[in-house]
Amino acid sequence: MLKPQVGIIDYDMGNMFSVLRACEQVDLLPVLISNKKDMNICDAVILPGVGAFAKAMENLKKLDLICGIRDFIASDKPFMGICLGMQLLFSESEEFGKHKGLDIIKGVVKRFSPKNERNNIVKVPQVGWNKLNFNGKFSIFNDIKDGEYMYFVHSYYVVPENKKDIATTTNYADIDFCSSVVSGNVMAFQFHPEKSAGKGLQIYRNFAEIIERG
Amino acid sequence: MGKTIRIIPRLDIKGPNLVKGIHLEGLRVLGKPEQYARYYYEAGADELAYIDVVASLYNRNSLHDIISRTAREIFIPLMVGGGLRTIEDIRAVLRAGADKVSINTAAINNPQIISEAANIFGSSTIVVSIEAIKEKDSRYLAYTDNGRQFTGVEVIEWAKRVESLGAGEIVITSVDRDGTGEGFDLELTSAVSSAVSIPVIAHGGAGSIGHIKQVILEGKADAVAVASLLHYNYLIGHKIELGSEKEGNTEFISNGIKSSKINSADLSGIKKYLFEQGINCRIGENCNA
């Protein structure tokens with residue numbers, strides 16, 4: 001049987017190496033894509049990303065991928081956003097002024113405050129492992145238990161307008177922020193499943209199953 | 001419980017070998033880095049750090065090969081440092097499969113490289129490593145080239161500066177304590193961690209699991225880099241593969257370990273102990289590959 005082809009959007013925003021390797025590990029066929037035409041022949045698409053929100057939107061625009069991503073998601077094929085790739089799906093970000101996002105999920109992207117409610121210093125970015133608290137049952141999290149640790153690196157977090165979009169929350173700096181979103185065929189994570197050891201790879205395995213179910 | 005503390009095995013690399021010195025000097029060969037990396041990943045390491053300790057003297061391709069081979073099979077973050085002088089050097093190790101880089105000498109010689117690299121690769125990718133030595137007048141000064149090169153730069157001022165230039169994290173190494181097993185420099189680590197709001201990784205001096213607890217609670221470390229303590233534990237229980245390139249001092253592994261100051265421990269032992277002491281760390285199911 002042919003392996004499902006997964007397009008990883010390459011728009012010069014960080015390292016694709018580990019996302020590629022994670023896909024290979026669960027028998028998907030990853031390909032780097034940077035145009036709309038290549039995206040349309042994929043069975044699923046992953047939007048990764050590390051870096052600044054505004055620059056990422058600019059790069060997507062330059063590659064004429066904004067409509068491409070919207071169309072792909074409208075086609076109902078599985079779509080995964082990771083880290084900055086999750087934040088870009090939202091309406092707007094307050095990173096260095098206000099910036100419009102892809103507006104696929106209604107909501108905003110906010111920065112962690114450097115002080116928590118008890119006025120203690122909070123280390124920003126959050127770098128390290130933290131727990132997922134489930135907000136329901138989702139096939140992308142099959143075989144992953146409530147409270148499982150995943151690896152995070154971020155200074156910003158998403159605030160979805162519709163609470164139903166929130167799949168998991170995670171506590172940092174006294175805030176229960178939205179750490180994953182599942183909305184139809186869109187699955188997005190603030191953490192890095194490809195950097196989250198065995199249980200992170202389980203998410204890729206579940207993604208592969210979702211693709212094969214069609 | 002508070003934030004989740006990371007335990008980061010630090011693998012110093014010289015040519016094809018994993019090495020460990022004392023005060024960043026007198027390197028002993030401990031085996032192949034990939035063998036240790038794989039083991040630490042499976043044992044629940046939260047990240048891995050590869051530091052090319054004599055980078056400028058060796059062919060960089062050897063390091064890139066080690067990074068690629070490791071990154072292919074290890075699904076946790078990999079930090080790489082040592083001898084990265086330019087944006088192109090940084091780009092090359094990221095391409096090879098590193099997730100973040102640590103820079104020291106290049107940052108001190110040209111602080112603007114921090115903001116330039118943070119702009120290109122993202123702040124979280126750029127870690128600044130500070131090698132500190134306590135002077136006779138009790139001031140901590142930053143050194144480069146594995147603690148050999150005096151710079152006159154004051155550590156706390158430098159830590160604040162690298163934060164403002166866009167560094168995502170700081171590794172603070174006590175050169176005085178490195179490899180000694182005498183414990184971390186708590187005063188140094190705590191001063192740096194309190195001065196900045198980015199995460200601080202403590203390194204240099206762990207001789208027992210108690211020292212790790214101390215540097216978290218008293219040193220306010222957000223993560224702890226551990227070398228000898230873990231390596232010596234691995235050496236006791238495992239057969240070490242030496243490549244054809246037996247360069248360097250291998251007497252240490254051939255003759256057995258004689259390091260009275262280090263009470264070695266494995267990752268699960270360290271984490272179990274920390275957890276019992278009320279320190280939050282990643283334990284349980286997702287600790288295994």
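The values are calculated or read from the model by the stated rules, or taken from the named source; none is laboratory data. Here the structure is a predicted model, which is why all the values come from computation and not from measurement. Virtual Cβ from ideal backbone geometry, glycine too; neighbours counted across all protein chains shown. These accessible areas exclude ligands, DNA and RNA; they are computed on the full protein's heavy atoms, side chains included. Shrake-Rupley method; radii C 1.70, N 1.55, O 1.52, S 1.80 Å.
Going through the stretch A:158-203 one residue at a time, which ones are of a type in the set (D, E, K, R) and either in contact with a helix residue (DSSP H, G or I) (Cβ under 9 Å, 6 or more places away or on another chain) or farther than 29 Å from A:E24 by Cα (or both)? Answer for the stretch A:158-203, where residues must be of a type in the set (D, E, K, R) and either in contact with a helix residue (DSSP H, G or I) (Cβ under 9 Å, 6 or more places away or on another chain) or farther than 29 Å from A:E24 by Cα (or both): A:E161, A:K163, A:K164, A:D174, A:D176, A:E194, A:K195, A:K199.
Among the residues of the stretch A:89-107, the ones that are farther than 25 Å from A:Y149 by Cβ and part of a loop (DSSP other than H, G, I, E, B) come to 9 in all.
Is it true that some residue in the stretch A:27-50 is charged (D, E, K, R), open to solvent by 10 Å² or more (accessible area, probe 1.4 Å) and under 23 Å from B:R91 (Cα atoms)? Within the stretch A:27-50, none of the residues are charged (D, E, K, R), open to solvent by 10 Å² or more (accessible area, probe 1.4 Å) and under 23 Å from B:R91 (Cα atoms).
Counting only residues that are under 23 Å from A:I203 (Cβ atoms), open to solvent by less than 40 Å² (accessible area, probe 1.4 Å) and out of contact with any Pro (no Cβ under 8 Å at 6 or more places or on another chain), the stretch B:60-74 holds 2 of them. The set of residues in the stretch B:205-234 that are within 14 Å of another protein chain (Cβ to nearest Cβ) and either within 13 Å of the chain's Cα centre (by Cα) or modelled with pLDDT under 95 (or both) comprises B:A223, B:V224, B:A225.
With respect to B:R38, determine if the residue is within 11 Å of chain A (Cβ to nearest Cβ) and not in a loop (DSSP other than H, G, I, E, B). Criteria not met by B:R38. Among the residues of the stretch B:74-97, how many are in a loop (DSSP other than H, G, I, E, B) and more than 8 Å from chain A (Cβ to nearest Cβ)? So the count comes out to 6.
Among the residues of the stretch B:223-240, those identified as surrounded by fewer than 19 Cβ atoms within 10 Å (Cβ to Cβ) and assigned to a loop (DSSP other than H, G, I, E, B) are B:H238, B:K239, B:I240.
Taken as a whole, the structure leaves B:E47 outside the set of residues that are open to solvent by 20 Å² or more (accessible area, probe 1.4 Å), acidic (D, E) and touching a residue at least 24 places away in the same chain (Cβ under 8 Å). Residue-level check: of (1) away from chain B (no Cβ under 12 Å); (2) farther than 24 Å from B:A96 by Cα; (3) out of contact with any His (no Cβ under 8 Å at 6 or more places or on another chain), A:E95 misses just (1).
None of A:V45, A:V26 is in contact (Cβ under 8 Å) with a residue 24 or more places away in the chain, within 14 Å of chain B (Cβ to nearest Cβ) and within 18 Å of A:P193 (Cα to Cα) except A:V26. Any residue in the stretch B:189-205 that's on the phi > 0 side of the Ramachandran plot: show its pairings with residues that are of a type in the set (K, R) at Cβ separation under 9 Å, as long as the two are six or more apart or on different chains. Qualifying pairs under 9 Å: B:G204/B:R177; B:G205/B:R177. Are any of the residues in the stretch A:174-191 farther than 19 Å from B:I76 by Cα, away from chain B (no Cβ under 14 Å) and in a loop (DSSP other than H, G, I, E, B)? For the stretch A:174-191, residues farther than 19 Å from B:I76 by Cα, away from chain B (no Cβ under 14 Å) and in a loop (DSSP other than H, G, I, E, B): present.
Of the numbered criteria (1) open to solvent by less than 20 Å² (accessible area, probe 1.4 Å); (2) aliphatic (A, V, I, L, M); (3) farther than 29 Å from A:Y156 by Cα, the one B:I133 fails is (1). Looking only at residues of the stretch A:66-90 that are surrounded by fewer than 24 Cβ atoms within 10 Å (Cβ to Cβ) and free of Cβ contacts under 8 Å to residues at least 60 places away in the same chain, we find that the one that is farthest from A:V108 (Cα to Cα) is A:S75. Put simply, of B:P111, B:P77 the only residue that is touching a residue at least 40 places away in the same chain (Cβ under 8 Å), open to solvent by less than 50 Å² (accessible area, probe 1.4 Å) and not small (G, A, S) is B:P111. Note on the stretch B:105-157: residues that are under 24 Å from A:N15 (Cβ atoms), modelled with pLDDT of 95 or more, within 18 Å of the chain's Cα centre (by Cα) and not aliphatic (A, V, I, L, M) total 1. The number of residues in the stretch A:37-52 being more than 13 Å from the chain's Cα centre (by Cα) and of a type in the set (A, V, I, L, M, F, W, C) comes to 5.
Pairing residues of the stretch B:116-136 that are on the phi > 0 side of the Ramachandran plot with residues that are open to solvent by 30 Å² or more (accessible area, probe 1.4 Å) and not basic (K, R), at Cβ distances under 7 Å and at least 6 apart in sequence or on separate chains, gives B:G122/A:G14; B:G122/A:V50; B:G122/A:G51.
Candidates in the stretch A:164-192 are the residues that are over 20 Å from A:L102 (Cβ atoms) and without any contact (Cβ under 8 Å) to a residue 60 or more places away in the chain; of these, the one that is most open to solvent (accessible area, probe 1.4 Å) is A:D176. Quick check on A:F112: is it hydrophobic (A, V, I, L, M, F, W, C), in contact (Cβ under 8 Å) with a residue 60 or more places away in the chain and in contact with a Pro (Cβ under 9 Å, 6 or more places away or on another chain)? For A:F112, the condition - hydrophobic (A, V, I, L, M, F, W, C), in contact (Cβ under 8 Å) with a residue 60 or more places away in the chain and in contact with a Pro (Cβ under 9 Å, 6 or more places away or on another chain) - is met. Can you tell me how many residues in the stretch B:1-26 are open to solvent by 10 Å² or more (accessible area, probe 1.4 Å) and of a type in the set (D, E, K, R)? Of the residues in that region, 4 qualify. Can you tell me which residue within the stretch A:108-148, out of those that are under 24 Å from B:T125 (Cα atoms), of a type outside the set (A, V, I, L, M) and in a loop (DSSP other than H, G, I, E, B), is most open to solvent (accessible area, probe 1.4 Å)? My answer is A:P114.
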